[in-house]
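Okay, so here's the structure we're looking at.
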Amino acid sequence: SSVCVAVVCVGVVGGWRVLGQSWMAVGPSGGDVRALVADSHGPRAIYLGTVDGHIFGSRDGGEHWQLLGRVGDRLDSIVTAIVVDSRNSKRLYASTWTLGSNGGGAFESDDGGHTWRPSGLAGQSVRALAQAPSQPDILIAGTLAGVYRFRDSGKGWERISPTNHDD
């Protein structure tokens, strides 16, 4: 009976190797990727953000990569999210936080990630960023200080989580 259990265990463990997947490196060498997004308008277009604020892009599903630009001007900016605007593939949004104090925020690019400008939440540690699928003029950001909403109509960012709420 113990021989039967041993044979079954060897068969199960040996079978795991058959079920295992092969992985291969894709992307620029070095660095630490924290954000990755595909463009819904061109599924072979991929963007990634690193822990030093760089944005890389690929137009061929990750076979070749190009350094596009840097989000913000700090070397300790960590890109936490990248959003490709559902209405315009050239418009990207990114969120960051920094290792140092008083850094981070939301950023915007109108040229596919080559140049970036601040779009609010300066100094905030922005950990998440998303575009509302049903209303693409609305972005939602999660920070260490609360949840914020941005309306493209010009109102800017407004806190939508309770002001005295423990975040």
By the mean-Cβ-within-10 Å protection proxy, highest first, 73-82, 34-43 rank as 73-82, 34-43
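Give me the accessible area per residue for the stretch 74-116, probe 1.4 Å, as a whole number in Å². Present the calculation step by step, with values, prior to reporting the outcome.
Numbers: 1660 Å² over 43 residues.
It amounts to 39 Å² per residue over the stretch 74-116.
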Label model pair Asp60, Asp137: point-to-point distance (7 angstrom along the Cα→beta-carbon line) in nm is 4.0 nm
So for R0 = 25 Å, FRET eff. of Lys90-Arg151 from the Cβ-Cβ r, to 0.05, ends up at 0.75
In nm, the gap between the two label points placed 7 Å beyond Cα toward Cβ at Val37 and Leu144 is 2.3 nm
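The values are calculated or read from the model by the stated rules, or taken from the named source; none is laboratory data. The structure presented is a predicted model; accordingly, all values stated were derived computationally and were not measured. Cβ sites come from the backbone with ideal geometry, for glycine too, and all protein chains shown count toward neighbours. Heavy atoms of the whole protein, side chains included, go into the accessibility calculation; ligands, DNA and RNA do not. Shrake-Rupley method; radii C 1.70, N 1.55, O 1.52, S 1.80 Å.
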